[in-house]
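**Q** Sharing a structure, written as structure tokens. Questions coming.
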Amino acid sequence: EGRFLGVLSVASYRIDAFSKDDQRLLVLFANQVAIALDNARLYQEALDASERRITLHWLSQEIISTSMEPERIYNTIYQAALKLMPAEAFIISLLDQATDLINMVFCIDQGKRYAGPQFARGQGLSGYVIQTGEALILDDTELKKSGIAPVHIGTTSTVRSILAVPMRIGERVLGVLSAQCYQPHAYAAEDANLLEIIAASAAIALENAQIFSQMEAANVELSNAYEATIEGW
């Protein structure tokens, strides 16, 4: 179909080993190989697409069942990302609207959980994504040119590929999901699209969890005030 897939080559130690008939036969063979390889590619893409649909469906069901427990939400988000893309390191950052500080609430590096720092809104990769509201795909060389200074967690090794997307509710950015890899050129636009789908579900779940927590706190305060009033009477 006009696309160049590659080259099929045969060689011989004999002089004038190949004729025009051999060339025509090899052309026919090459066309058959091209069709077979393309069919294999399409089949693999179909399998990958099916696996992605299964993972995203699983994510939606898990988010519904764990929507009031932030820790379980964090782990569900991470497990979904891990199934869909390289994620040797994975970070969930949330913006605290009251203090205007960014909290790294979930930090995984090479399978180990680390306590995340708290830092000012404009700092680090998370701060940049929250400020701009834009997804980022960066390799190590691009990161150096960008002038963004990531907040380092985990091992002393430096990641070489970073994918970061905002979590939004409407126009408001709640935080950032970031998948990171120790190999260069690990992420493509399709990975960004998938992580943005995860981020959309994550934002709704985390917003609901926060509202539920606030309601619980308000109910406790109301109950305490009621008890105090009764005692006063």
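**Q** Any idea how many residues of the range 128-148 are among the small types (G, A, S), open to solvent by less than 60 Å² (accessible area, probe 1.4 Å) and out of contact with any Leu (no Cβ under 9 Å at 6 or more places or on another chain)? Walk me through how you get there before you give the answer.
**A** So the first thing to find is which residues in the range 128-148 are among the small types (G, A, S), and the list is 133, 135, 146-147.
Next, only the ones that are open to solvent by less than 60 Å² (accessible area, probe 1.4 Å) stay: 133, 135, 146.
The next check asks that each one be out of contact with any Leu (no Cβ under 9 Å at 6 or more places or on another chain); those that pass are 133.
Total meeting the criteria: 1.
**Q** Something else now. Out of the residues in the range 101-133 that are among the aliphatic types (A, V, I, L, M) and at pLDDT 90 or above, which is farthest from the chain's Cα centre (by Cα)?
**A** L101
**Q** Something else now. Collect the residues in the range 151-201 that are open to solvent by 40 Å² or more (accessible area, probe 1.4 Å) and of a type in the set (A, V, I, L, M, F, W, C), keeping them in residue-number order.
**A** Passing the criteria: V151, I169, A188, A189, I197, A200.
**Q** Step by step: first the residues of the range 59-95, then only those that are of a type in the set (D, E) and out of contact with any strand residue (DSSP E or B) (no Cβ under 6 Å at 6 or more places or on another chain), then the one that is farthest from S126 (Cα to Cα). Which residue is that?
**A** The first filter runs over the range 59-95 and keeps only residues of a type in the set (D, E), leaving 62, 69, 71, 88.
Now drop any that are not out of contact with any strand residue (DSSP E or B) (no Cβ under 6 Å at 6 or more places or on another chain), which leaves 62, 69, 71.
Working: E62: 25, E69: 23, E71: 19 Å.
Among those residues, the one meeting the criterion is E62.
**Q** Looking only at the range 61-82, how many residues end up being of a type outside the set (F, W, Y), at pLDDT 75 or above and within 25 Å of I162 (Cα to Cα)?
**A** Selection size over the range 61-82: 11.
**Q** Shifting gears a bit: Considering R24, R52, R41, R3, which residue is under 17 Å from the mean Cα position of the chain (by Cα) and of a type in the set (K, R)? Talk me through it step by step, then tell me what you get.
**A** Details: R24 fails: under 17 Å from the mean Cα position of the chain (by Cα); R41 fails: under 17 Å from the mean Cα position of the chain (by Cα); R3 fails: under 17 Å from the mean Cα position of the chain (by Cα).
From the options R24, R52, R41, R3, the qualifying one is R52.
**Q** Please note which strands (runs of 3 or more DSSP E) are completely contained in the range 5-123 and include at least 2 residues that are within 30 Å of I204 (Cα to Cα) and either open to solvent by less than 90 Å² (accessible area, probe 1.4 Å) or among the polar types (S, T, N, Q) (or both). Walk me through how you get there before you give the answer.
**A** Details: elements: 89-96, 101-109, 112-114, 118-120.
Per the criteria, 89-96, 101-109, 118-120.
**Q** Which of the residues that make up the range 180-205 are under 11 Å from the mean Cα position of the chain (by Cα) and not hydrophobic (A, V, I, L, M, F, W, C)?
**A** Within the range 180-205, Q180, Y187, E190, D191, N193, E196 meet the criteria.
The values are calculated or read from the model by the stated rules, or taken from the named source; none is laboratory data. Please read these numbers as outputs of a predicted model, since none were measured by experiment. For neighbour counting, all protein chains shown are included, and Cβ atoms are generated from backbone atoms with ideal geometry for every residue, glycine included. Remember, those area values only see protein heavy atoms, side chains included, never the ligands or the DNA or RNA. Shrake-Rupley method; radii C 1.70, N 1.55, O 1.52, S 1.80 Å.
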